[in-house]
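Structure first, then comments.
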Amino acid sequence: LALSTTTFNYAAYHTLDEIYSFMDMLVAENPNLVSKLEIGRSTEDRPLYVLKFSTGGTSRPAIWIDTGIHSREWVTQASGVWFAKKIVDDHANNEGVASILETMDIFLEIVTNPDGFAYTQTKNRMWRKTRSHHSGSICVGVDPNRNWDAGFGGPGASGNPCLETYHGPYANSEPEVKSIVDFVKSHGNIKAFVSIHSYSQLLLYPYGYTTTPVPDQQELHEISEKAVAALSSLYGTKYKYGSIITTIYQASGGTIDWTYNQGIKYSFTFELRDTGLYGFLLPAKQIIPTAEETWLGLKVIMEHARDNMY
Amino acid sequence: TETFVGHQVLRIVPSSDEELQKVQELQDLEHLKLDFWLSPRGLGYPVDIRVPFPSLQSVKAHLEASGVPYSIMIEDVQALVDEEEMEMLRSSR
């Protein structure tokens, strides 16, 4: 295992244990900035860890970022690891997001679906869902991005437990989802929520379950335009942006539809590289450039949230 | 452990409603065990399907018989999975 977060290899995919060990190293190296919260346990009783980056205060307005909710989208967990180190480095060098940390906290859940992630590394690299078993079905797992209480069970998800977009027996049936729901409700002061997926190179905002535009559509569209411009400025990676339902397809029970309906105005989903050469099997050498460019887009969203407190 | 030897990822970009419908028909054929990496969403949008080797012939026949053009995005999924695994081993070493 790497001796420190400086020697950690960010240009490679890592096992669940290596990522857990990275988190512990980051906390140990930065006790005044980083802490590790356990917000729940997965179906197979793995801890659901969230890194908290805070320079003080209590219940400050906060930004939430999660990666890996679909376990096979490995470039997202790998980017999450890079983001964690970037936040620490920015703070140490008093640049980038350091100014955000003066007034806001950042929560980062790197392995949002640990059971699925472990399964991709041991049994089936193409596994997407959770690993829950629900009575009456031989098939395993629920799509954790169809299990939220926002248009739950509507068109854009499946009631068939054997399909990849199975919404589950009821909203929040998955502990990986329920834990975030409970955390968001108990924290009560999250101002921006970004859930990161791959692939397709898209920046999306609500809604996915209905064609009704969100009240803040104009503002979210403008933020997306700026964020995509910043992202593309680094390597020219082309992104499209828009609401979920108009940009990709109808999807019900999705994460950011629920967070937006909770009042978290700045709710976004990224679909990272690529647009279909490698798809979920993106080569490790693209991890760092993907994380670097995504970070520029994320920063636009975070800075907008900081400067437009509501 | 699940292996993907001979699995291919096909890319289809439906350019007509008929083509879109032919692709959507595939979604209902559960016995083919197709894994839609990108689901059908509309004309001009790519649909990526991981096709297990045993289903490859019939899927390609279905598409060709319907005149639906497709390309092969990934020739052999297992080869990429092996490469990725090798990379991880190398890095951890």
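The values are calculated or read from the model by the stated rules, or taken from the named source; none is laboratory data. Computed from a predicted structure; not experimentally measured. Positions of Cβ are generated from backbone atoms using ideal geometry, with glycine treated the same way; all protein chains shown enter the neighbour counts.
Please go through segment A:21-74 and give me each residue that is more than 30 Å from residue B:80 (Cα to Cα) and among the basic types (Lys, Arg), ordered by number.
Across segment A:21-74, the qualifying residues are A:36, A:41, A:52, A:60.
Just to be sure I understand, how many residues within segment B:30-51 are among the charged types (D, E, K, R), closer than 17 Å to residue B:4 by Cα and free of Cβ contacts under 8 Å to residues at least 24 places away in the same chain?
If we filter segment B:30-51 for residues that are among the charged types (D, E, K, R), which is where we start, we get B:30, B:33, B:35, B:41, B:48, B:50.
Right, trim to closer than 17 Å to residue B:4 by Cα and you get B:33, B:35, B:48, B:50.
If we keep only those that are free of Cβ contacts under 8 Å to residues at least 24 places away in the same chain too, we end up with B:33, B:35.
Looking only at that region, the number is 2.
Hey, does segment B:67-90 have a residue that's modelled with pLDDT under 90 and of a type outside the set (Asp, Glu)? Before you say what the answer is, go through the steps one by one.
Keep residues of segment B:67-90 that are modelled with pLDDT under 90, which gives B:90.
Okay, now just the ones that are also of a type outside the set (Asp, Glu), so B:90.
Yes, segment B:67-90 has at least one match.
Pairs only if they're at least six apart or on different chains, beta carbon under 9 angstrom, first in segment A:120-132 and at the interface with chain B (Cβ under 8 Å from one of its Cβ atoms), second aliphatic (A, V, I, L, M); list them, first residue then second.
A:125/A:281; A:125/B:77; A:125/B:81; A:126/B:77; A:126/B:81
Within segment A:139-165, can you find the residues that are more than 14 Å from chain B (Cβ to nearest Cβ) and buried (at least 20 other Cβ atoms within 10 Å of the Cβ)?
Residues satisfying the conditions are A:142, A:144, A:147, A:148, A:150, A:151, A:152.
Kindly indicate whether any position in segment A:242-261 is within 13 Å of chain B (Cβ to nearest Cβ) and within 23 Å of residue A:84 (Cα to Cα).
no
Sort out which residues of segment A:282-298 are under 14 Å from the mean Cα position of the chain (by Cα) and polar (S, T, N, Q), and write them in order of number. If you could, list the steps in order and put the result at the bottom.
Start the filter on segment A:282-298 by keeping residues that are under 14 Å from the mean Cα position of the chain (by Cα), which leaves A:291, A:294-295, A:297-298.
If the condition is that a residue be under 14 Å from the mean Cα position of the chain (by Cα) and polar (S, T, N, Q), then A:294 is the only one that fits.
Got a number for residues in segment B:64-85 being of a type in the set (A, V, I, L, M) and either in contact with a Cys (Cβ under 8 Å, 6 or more places away or on another chain) or facing chain A (nearest Cβ under 10 Å) (or both)?
Filtering segment B:64-85 for residues of a type in the set (A, V, I, L, M) gives B:65, B:68, B:72-74, B:77, B:79-81.
Imposing the further condition that a residue be either in contact with a Cys (Cβ under 8 Å, 6 or more places away or on another chain) or facing chain A (nearest Cβ under 10 Å) (or both) reduces the set to B:73-74, B:77, B:79-81.
Total meeting the criteria: 6.
Considering only segment A:62-138, give the helices (runs of 4 or more DSSP H) lying wholly within it that have at least 1 residues that are under 16 Å from the mean Cα position of the chain (by Cα), surrounded by fewer than 24 Cβ atoms within 10 Å (Cβ to Cβ) and aromatic (Phe, Trp, Tyr).
Details: elements: A:74-93, A:98-101, A:114-122.
Ranges flagged: A:74-93.
Of all residues in segment A:32-57, which are out of contact with any helix residue (DSSP H, G or I) (no Cβ under 8 Å at 6 or more places or on another chain) and assigned to a loop (DSSP other than H, G, I, E, B)?
A:32, A:45, A:56, A:57
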